[in-house]
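Q: Quick one: the structure is below, and I'll ask about it shortly.
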Amino acid sequence: MCRVIAVANQKGGVSKTTTSINLGVALVRLGKRVALVDADPQGHLTLGLGFPKKIRVSLKNMMENIIMGMEFDPMEAVLRHKEGIDVIPSNKMLTGTDLSLITVENREKVLKEYLELLEDNYDYIIIDCMPSLGMLTINALSAADSVLIPVQPQYYAADGLVELLSVVKGIKQRFNPGLEIEGILFTMDSSRYNNSKRNKQAVKMAYGKEMRIFEKSIPRSEAIAETASEGVSIFAYDSRSKGAKSYAELAEEVLNHA
Ligand SMILES: Nc1ncnc2c1ncn2[C@@H]1O[C@H](COP(=O)(O)OP(=O)(O)O)[C@@H](O)[C@H]1O
Ligand SMILES: [Mg+2]
């Protein structure tokens, strides 16, 4: 059985892309077959794994094939990364897809229909969402079994979640009754600062009863920040770093949940 996890937060720069890549590779290291879907026209996931901006076949083409009811090979867009993870890439051309979906019938389910064609090939499909709650993110949430929410423990972090959680609730009611919250993950955490502790506490107070908040947070780390320009995960960059350890622990928590 394939589990689809959307990594979402409409705030930019909270480590969605970094978490998608490193959770994905951590799951591969536990023997799972994993695909990453770049659902952000910025293409950061694609670039961050060292693939070029110019892509022959991308997520956009796959979604267009679904919209037009074409017969096609769903694996045609898949790129294989040297760390054993598959990537369905994107670039800025995906911006057009976000907009053109608005007029399509069953527009919330286009990505879901595509991912269903891939499901036999993977244990996990992780969707890296864009920093907005537009049609692509709605498609991701409609296709997902669960949503993982990276949160930076800043002041207002708890406030920022209100809008996202209300969209998740709406999608659950209208399109995807099985949608669960995988959990809230604190990222770029400087836990030695009291400020960070206070802000995490505020999120726990507000949401801890309703949903899982992952035990371990991801530390702010220079090594993690450097991986994107190297086109690799933290495991290839420095497998003994704190960052690698924390993503390995996150993968265990995710596995135990499924
Ligand atoms: N744990 C971390 N420690 C330090 N820098 C990080 C960490 N996680 C992400 N970053 C950096 O922060 C920036 C935003 O991260 P990114 O994953 O692209 O966020 P998002 O996808 O939510 O916009 C990137 O430059 C990334 O390298
Ligand atoms: Mg991103």
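Q: Of the conditions (1) in contact (Cβ under 8 Å) with a residue 12 or more places away in the chain; (2) within 27 Å of residue 80 (Cα to Cα), residue 229 clears all except one; give me its number.
A: Against the list (1) in contact (Cβ under 8 Å) with a residue 12 or more places away in the chain; (2) within 27 Å of residue 80 (Cα to Cα), residue 229 comes up short only on (1).
Q: Also, I was wondering about something else. Looking at segment 29-46, which of its residues are touching a residue at least 60 places away in the same chain (Cβ under 8 Å) and more than 10 Å from ligand 2 (Cβ to nearest atom)?
A: 29, 30, 32, 33, 34, 35, 36, 37, 41 - these are the residues of segment 29-46 that are touching a residue at least 60 places away in the same chain (Cβ under 8 Å) and more than 10 Å from ligand 2 (Cβ to nearest atom).
Q: Let me ask you something else. What residue, among those in segment 1-19 that are farther than 20 Å from residue 135 by Cα and in a helix (DSSP H, G or I), is farthest from ligand 1 (Cβ to nearest atom)?
A: Out of the qualifying residues, it is 19.
Q: Restricting the first residue to segment 10-28 and requiring it to be within 20 Å of residue 122 (Cα to Cα), which pairs with a second residue that is within 9 Å of ligand 2 (Cβ to nearest atom) and among the hydrophobic types (A, V, I, L, M, F, W, C) meet a Cβ separation below 9 Å and a spacing of at least six or different chains?
A: Sorted first by the residue in segment 10-28, then by its partner, the pairs are 17/7; 17/45; 19/7; 20/7; 20/45; 20/129; 21/45; 23/7.
Q: Please specify each residue of segment 100-131 satisfying the condition of being surrounded by fewer than 15 Cβ atoms within 10 Å (Cβ to Cβ) and either under 20 Å from residue 46 (Cα atoms) or at pLDDT 95 or above (or both).
A: Listed by number, the residues that qualify are 120, 121.
Q: A further question on this structure: Against the condition touching an Asp or Glu at 6+ places or on another chain (Cβ under 8 Å) and either under 19 Å from residue 13 (Cβ atoms) or assigned to a helix (DSSP H, G or I) (or both), how does residue 159 come out, does it pass?
A: No.
Q: I'd like the full set of residues that are within 22 Å of residue 222 (Cβ to Cβ), of a type in the set (A, V, I, L, M) and not in a strand (DSSP E or B), limited to segment 162-191.
A: If the condition is that a residue be within 22 Å of residue 222 (Cβ to Cβ), of a type in the set (A, V, I, L, M) and not in a strand (DSSP E or B), then 188 is the only one that fits.
A quick yes/no check of all residues on (1) in a loop (DSSP other than H, G, I, E, B); (2) closer than 18 Å to residue 136 by Cα; (3) not β-branched (Val, Ile, Thr):
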| residue | (1), (2), (3) |
| --- | --- |
| 21 | no, no, no |
| 51 | yes, no, yes |
| 62 | no, yes, yes |
| 66 | no, yes, no |
| 72 | yes, no, yes |
| 95 | no, yes, no |
| 102 | no, yes, no |
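Q: If I ask for residues that are polar (S, T, N, Q) and either touching a His at 6+ places or on another chain (Cβ under 6 Å) or within 16 Å of ligand 1 (Cβ to nearest atom) (or both), which ones from segment 124-157 would you list?
A: 132, 137, 152, 154
Q: Return yes or no: is residue 215 surrounded by 13 or more Cβ atoms within 10 Å (Cβ to Cβ) and either in contact (Cβ under 8 Å) with a residue 40 or more places away in the chain or assigned to a loop (DSSP other than H, G, I, E, B) (or both)?
A: no
Q: Also, quick follow-up: What tally of residues in segment 144-182 results from selecting those that are over 16 Å from residue 212 (Cβ atoms) and among the acidic types (Asp, Glu)?
A: 2
The values are calculated or read from the model by the stated rules, or taken from the named source; none is laboratory data. Note that the coordinates shown come from a computational prediction; the quantities given were computed from them, not determined experimentally. Positions of Cβ are generated from backbone atoms using ideal geometry, with glycine treated the same way; all protein chains shown enter the neighbour counts.
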